[in-house]
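Below is one structure; the comments refer to it alone.
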Amino acid sequence: MKGMMGQQDSQKALFSYHIDLDRRIRADHPLRRVAAVIDFTFARQRVAHTYGTNGNVSVDPALLLKMMFLLFYDNVASERQLMKIVAERLDYLWFLGYSLDQEIPDHSVLSKARARWGNEVFEALFVETISACVRAGLVEGSKIHLDGSLITANASCDSVIQGSPELIAALKEVYRAQTAKLAEACPPAGAVNQTHVSTTDPQAQLAAKKGHSSRPSYKEHRAVDDAHGVITAQAITGGAVSEDTQMMKLVQQHQDHTQCLLTTAVTDSQ
């Protein structure tokens with residue numbers, strides 16, 4: 001049974017102790033500018049097909065998208081940490097449309113939303129934001145910078161086991177079979193990842209940052225438009241995947257997302 005999609009009531013109101021949050025947030029606060037130019041309610045239409053017509057009412061998708069925005073905008077360490085500090089931040093409460101005495105949902109609402117919406121929805125949301133940046137003149141399109149960042153997986157080195165290539169391949173195939181509908185399989189990795197696998201995160205690959213030992217990792221590859229630093233294309237792979245293998249994929253994504261012809265791509269030695 002699918003639950004019903006909820007909608008946050010963001011009408012301005014007086015809150016506990018007769019405090020009007022709208023008057024407590026300074027006029028030049030960055031979140032005021034964000035709220036003025038971005039209507040997050042567009043997410044409702046994008047995800048409506050993932051909700052039913054009966055059952056429990058969910059948290060408003062527009063509100064969930066705002067929470068995800070805050071997570072990255074202020075570089076909050078985790079979703080769990082974000083929900084802990086929301087109630088302590090008047091600007092967050094104002095931006096999300098909460099009152100001082102309103103209960104903040106558990107951090108699990110975000111992970112549940114990601115699972116409910118699926119990768120295709122997030123890809124559509126990403127492309128829509130790029131299109132908005134193009135319309136606003138924030139993307140020029142002809143020149144991009146390509147780079148990659150190693151991201152440590154949420155998996156302990158103690159979870160990594162070693163075995164024969166045949167055993168590791170069989171374990172990874174079982175995992176891929178269970179997750180094939182949720183994510184793309186990672187490209188093949190180097191020899192070390194043919195004999196090692198993390199039992200808690202089999203998609204992660206052993207990779208090392210300069211001066212550090214190998215850990216289960218992922219790599220985020222991205223194309224950044226030269227004009228104002230807008231990310232126009234991205235790919236996530238296992239940590240051992242080299243950046244040059246993703247170059248043409250990112251170039252094609254950039255052109256598809258921006259509808260601009262690329263003439264220059266700037267890369268580092270990798």
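What follows is calculated from the coordinates using simple rules that are stated; it is not laboratory data. No experiment lies behind these values; they were computed from the predicted model shown. Quick reminder, even Gly has a Cβ in these numbers, built from the backbone with ideal geometry, and neighbours come from all protein chains shown.
Cross-link candidates for LYS143: which aspartates and glutamates have Cα within less than 19 Å, leaving aside residues fewer than 8 places away along the same chain?
Hits, sequence-local ones excluded: ASP225, ASP226, GLU243, ASP244, ASP256, ASP268.
Just subtract the alpha-carbon distance of ASP147 and GLU103 from 0.36 nm times their residue separation and send over the number in nm, one decimal.
Gain in length upon complete extension: 11.8 nm.
What is the extension gain from GLN252 to ALA132, computed as 0.36 nm multiplied by their sequence separation minus the C-alpha to C-alpha distance, in nm to one decimal?
41.3 nm
Where Lys and Arg each count +1 and Asp and Glu each count -1, what net charge lies around GLU79 among other residues with Cβ under 12 Å from its Cβ?
+3
Rounded to whole Å and sorted largest first, list the principal axis extents of the Cα atoms in the stretch 95-155.
48, 36, 22
Using only alpha carbons, build the gyration tensor for the stretch 16-132 and give me the equivalent ellipsoid semi-axes, biggest first, whole Å.
Gyration-tensor ellipsoid for the stretch 16-132: 24, 18, 14 Å.
Mind pulling up the Rg/Rh value for the stretch 34-95? Radius of gyration and Kirkwood radius, both on Cα.
1.01
Give the residues of the stretch 238-270 whose amide nitrogen is closer than 12 Å to a point set 7 Å from the Cα of GLU123 in the direction of its Cβ.
Only 253 fall inside the zone, counting backbone N under 12 Å.
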